[in-house]
Amino acid sequence: MRRTLVVGNWKMHGSRPANAELLAGVLAARPFLADVAVCVPFVYLNETAATLAGSEVRWGAQDVSQHAQGPHTGEISAAMLSEFGCRYAIVGHSERRAHHAESDDLVAAKAQAALSRGVTPIVCVGETLAERESGQTEAVVKRQLSAVIHTLAHCAAEMVVAYEPVWAIGTGRTASPEQAQAVHAVLRAQLQAATGRGDAMRILYGGSVKPDNAAMLFAQPDIDGGLIGGAALKAADFVAICRA
Ligand code: 13P
């Protein structure tokens, strides 16, 4: 039985007062039936950890370096994240693939770096609109996931996967539950074939998840929760999704 997981990806949003208000709203809404986490900008990890400590709400980062340490100005290592109690690190978000030229192999190396320090990578995969319209959706997400499976090898079952169609992110254009389910089923079959534990792994959907569409998406057999962008910035919306 897979427990639903709902993760807020704050992206580059927030301020100390806004974060305090948002987290207070989330904490006040406990308990949740789902597992709940927030992935915050690095500079807010310390305060987020202090605020959420002792609750069942987890926290994490939005990226991690593939390197363990060294001359990598501006980078943050998995060991640093684990010092701040991070449970999760998002890797391979499409915004990083597109704007920071992150390759499949780099994403895989980041996932491996996270796992080596006990931080669960949330590995994002997803096709662009052009790729969907030219019938390449399956090939693209399988290629992206395959790089990570290959690198993590026997540890691959430890990751969380997030299917985020690029055309649905921040656009208000959600994949239909059927479209999302179809891709999730492909990913689960791939995970099952590679690890033998695909049935126990969580595959999240991300891309314009809102309070009014979350329940339909999460009701699909292979959708185990969500990776939430815009709607994670308002406590009432995020809480509604965590309850969906
Ligand atoms: P939106 O929910 O704002 O579409 O963002 C989704 C996302 O990119 C989460 O990682």
Filter pass, ALA68 being under 23 Å from GLY126 (Cβ atoms) and either within 16 Å of the ligand (Cβ to nearest atom) or not in a helix (DSSP H, G or I) (or both): no
Unmet criterion (only one of (1) open to solvent by 10 Å² or more (accessible area, probe 1.4 Å); (2) out of contact with any helix residue (DSSP H, G or I) (no Cβ under 6 Å at 6 or more places or on another chain)) for ILE149: (2)
Residue check for THR195: within 16 Å of the ligand (Cβ to nearest atom), open to solvent by 30 Å² or more (accessible area, probe 1.4 Å) and β-branched (Val, Ile, Thr): no
Any hit, the range 118-125, residues being open to solvent by 20 Å² or more (accessible area, probe 1.4 Å), out of contact with any strand residue (DSSP E or B) (no Cβ under 6 Å at 6 or more places or on another chain) and assigned to a helix (DSSP H, G or I): no
The range 198-244: number of residues that are under 25 Å from LEU129 (Cβ atoms), among the small types (Gly, Ala, Ser), in a helix (DSSP H, G or I) and open to solvent by less than 30 Å² (accessible area, probe 1.4 Å): 3
Conditions (1) away from the ligand (no atom under 13 Å from the Cβ); (2) open to solvent by 10 Å² or more (accessible area, probe 1.4 Å); (3) assigned to a helix (DSSP H, G or I); (4) not hydrophobic (A, V, I, L, M, F, W, C); number of the one not met by HIS184: (2)
The one condition in (1) more than 16 Å from the ligand (Cβ to nearest atom); (2) in a loop (DSSP other than H, G, I, E, B) that PRO17 fails to fulfil: (2)
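The values are calculated or read from the model by the stated rules, or taken from the named source; none is laboratory data. Everything numeric here is computed off the predicted structure, so don't read it as measured data. For neighbour counting, all protein chains shown are included, and Cβ atoms are generated from backbone atoms with ideal geometry for every residue, glycine included. What goes into the accessible areas is simple: the full protein's heavy atoms, side chains included, and nothing from ligands, DNA or RNA. Shrake-Rupley method; radii C 1.70, N 1.55, O 1.52, S 1.80 Å.
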